[in-house]
Structures are given as C-alpha cells and as structure tokens.
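Undergrad: To start, I am sharing the structure in question, which I have written as structure tokens.
What follows is calculated from the coordinates using simple rules that are stated; it is not laboratory data. For clarity, every value in this text was computed on a predicted model and none was experimentally measured. Glycine gets a Cβ as well: all are built from the backbone with ideal geometry, and neighbour counts include every protein chain shown.
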Amino acid sequence: MKRTFIAVKIKPEEKLLKTYTKLKNELDNEKIKWVNSDNFHLTLFFLGDTTEEQIDEVKQNLSDITEQHSSFAIKLQGIGVFKNIRKPRVLWIGIKDFEKLKSIKISIDEKMEPLGFQPDNREFKPHLTLARIKWLKNKDILTKMLEENESEFFQQADIDQVVYYESILKATGPVYRVIEKYPLGSPA
C-alpha cells in the first residue's frame with residue numbers, strides 16, 4: 001500500500017524564489033512548516049492509500065487522459081492564506097488562467113471515481129502551497145506581506161506533463177517519489 005497523488009510540478013523561477021525566501025526570513029520566528037521549493041506542485045487528485053492493483057489502474061487511466069490534453073501555461077499571481085488572516089493555516093500563491101488545468105482535473109475525477117477514489121466536492125481552486133502555518137505570534141508581518149503581494153505576478157509556468165507521485169511521510173517532511181510521468185500533447 002502506497003500513499004499517492006496526482007499533480008503537476010511547478011519549477012519556481014527567480015522572482016518566486018526571492019519572494020519565498022523573503023517570506024521565510026520575515027516569518028523565521030514563527031511555527032511554520034515550509035514546503036521545499038524542489039517539491040512545488042499543484043495537486044490534481046489526492047488518492048491516499050493505494051494498492052498495487054489500483055496503482056496499475058491509475059497509471060493506465062492517466063496515460064489515456066494525458067493523450068487527450070495538450071500542454072499549456074498558467075500564471076502564478078498573488079499570495080493568500082486559507083482559513084483567513086485571523087487563523088491562517090496555509091500560505092499559498094494563486095493560479096490564474098487555469099481552465100485547461102481544470103479540464104484535466106475533471107477528466108481525472110471521472111476516471112478515479114470508478115476505481116474507488118472519491119473526488120473532492122469543493123470547487124477546484126488550484127494554488128501553490130508555500131507553507132503550513134502551525135501558529136503565529138505576530139500576524140502583522142504576514143498581513144503586511146499579503147497586502148504587498150496580493151496581486152503580484154510571479155511567473156508563468158509551462159505545464160507539459162502530469163506526474164503520479166508516491167508521498168512518503170518522514171519526520172523531516174514528506175518525500176515525493178515519482179511513480180510515472182505523463183507528457184501532454186503539443187498545443188495545436
């Protein structure tokens with residue numbers, strides 16, 4: 001049994017990395033678990049515990065899905081938090097122009113349900129998680145940084161493949177191992 005998920009990898013460019021580093025430095029004294037920038041991704045479907053048989057079925061379905069979709073670009077823009085600024089839990093970068101990503105997500109949802117994996121009922125709002133916030137002493141620093149960057153454009157990200165990952169939980173944080181990569185077709 002493996003803990004698995006389907007995602008697209010995001011390769012951070014200079015502006016995004018600078019902002020990420022600045023946030024980490026400014027919030028250094030807070031209880032925050034930062035995502036390693038090498039692990040930046042947008043989750044399309046979290047499967048959780050997956051048997052070897054299910055993994056084989058997922059792999060076949062992903063191959064079928066990606067053959068029907070072409071590569072595209074998204075924009076990484078704005079910074080925000082989930083729950084809210086009074087009780088922030090996740091610090092994220094927003095995603096714009098994600099219609100094609102949503103189309104892939106819908107295809108994945110449709111193919112995973114018959115395999116016994118329930119799609120998320122919430123509206124699809126892709127975001128790049130930067131950190132999980134455990135506890136903040138000083139919300140003013142975060143508030144200021146959110147205000148400064150709420151509509152800031154960081155980069156365009158070219159999406160040319162879907163990746164099927166295994167997530168291995170370790171004390172130092174999750175390790176993501178690629179099970180398989182699925183290239184998207186060339187745009188027409």
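Undergrad: Filter the GluC sites (Glu not before Pro) in segment 49-137 to those in DSSP coil with at most 10 other Cβ atoms within 10 Å of their Cβ, and list the result. If you can, show how the numbers build up before the last one.
TA: On the way: sites: GLU52, GLU53, GLU57, GLU67, GLU99, GLU110, GLU123; in loops: GLU123.
Those satisfying the criteria are GLU123.
Undergrad: Something else now. Beyond a 28 Å Cα-Cα separation, which of these cross-linked pairs lie in this structure: LYS102/LYS139; LYS11/LYS105; LYS102/LYS144? Before the final figure, lay out each step's value.
TA: Details: LYS102/LYS139 33 Å; LYS11/LYS105 20 Å; LYS102/LYS144 31 Å.
Listed pairs above 28 Å: LYS102/LYS139; LYS102/LYS144.
Undergrad: Separate question: P(r) tail for segment 21-168, what percent of Cα pairs lie past 27 Å?
TA: Numbers: 3423 of 10878 pairs.
Result for the distance tail: 31 percent.
Undergrad: Okay, moving on. Can you compute log10 of I(q)/I(0) for segment 11-89 with the Debye formula, treating each Cα as one identical point scatterer, at q = 0.14, 0.19, 0.21 Å⁻¹?
TA: -0.77, -1.05, -1.13
Undergrad: What angle do you read, to the nearest 10 degrees and between 0 and 90, between the alpha-carbon axis of helix 52-67 and the longest principal axis of the chain?
TA: 90
Undergrad: Ordered by residue, what ³J(HN,Hα) values in Hz, to whole numbers, does segment 82-93 give under the Karplus form 6.51 cos²θ - 1.76 cosθ + 1.60, where θ = phi - 60° and Gly and Pro are x?
TA: Values, residue by residue: 9, 2, 7, 5, 6, 9, x, 10, 10, 9, 9, 9 Hz.
Undergrad: Here's another thing I want to ask about it. Once the Cβ-Cβ distance between SER63 and SER151 is put in as r, and R0 is 41 Å, what FRET efficiency do you end up with, to the nearest 0.05?
TA: 0.60
Undergrad: Let's see if you can work this out: charge +1 on each Lys and Arg Cβ, -1 on each Asp and Glu Cβ, no other charges. What is the dipole magnitude of the chain about its Cα centre, in debye to the nearest 20?
TA: Working: 31 positive and 29 negative charges, 220 e Å.
Charge dipole of the chain: 1060 debye, to the nearest 20.
Undergrad: Please list 3J(HN,Hα) in residue order for segment 124-140, calculated via the Karplus relation 6.51 cos²θ - 1.76 cosθ + 1.60 where θ = phi - 60°; whole Hz, with x for glycine and proline.
TA: Along segment 124-140, the couplings run 6, 10, x, 8, 9, 6, 9, 7, 10, 9, 7, 6, 10, 7, 10, 6, 4 Hz.
Undergrad: Another question, if that's okay. What number, in percent, do you get for the relative contact order of the chain if the mean sequence gap of Cα pairs under 8 Å and at least 6 apart is divided by its residue count? All intermediate terms of the calculation are to be shown ahead of the outcome.
TA: Values: 336 pairs, mean separation 64.9, N = 188.
Rounded, it is 35 percent for the chain.
Undergrad: Can you give the calculated 222 nm mean residue ellipticity of the chain, where each DSSP H run of n ≥ 4 adds -39,500 (n - 2.57) and the sum is split over every residue, rounded to the nearest 500 deg cm²/dmol?
TA: On the way: 4 runs with 54 residues, N = 188.
It lands at -9000 deg cm²/dmol.
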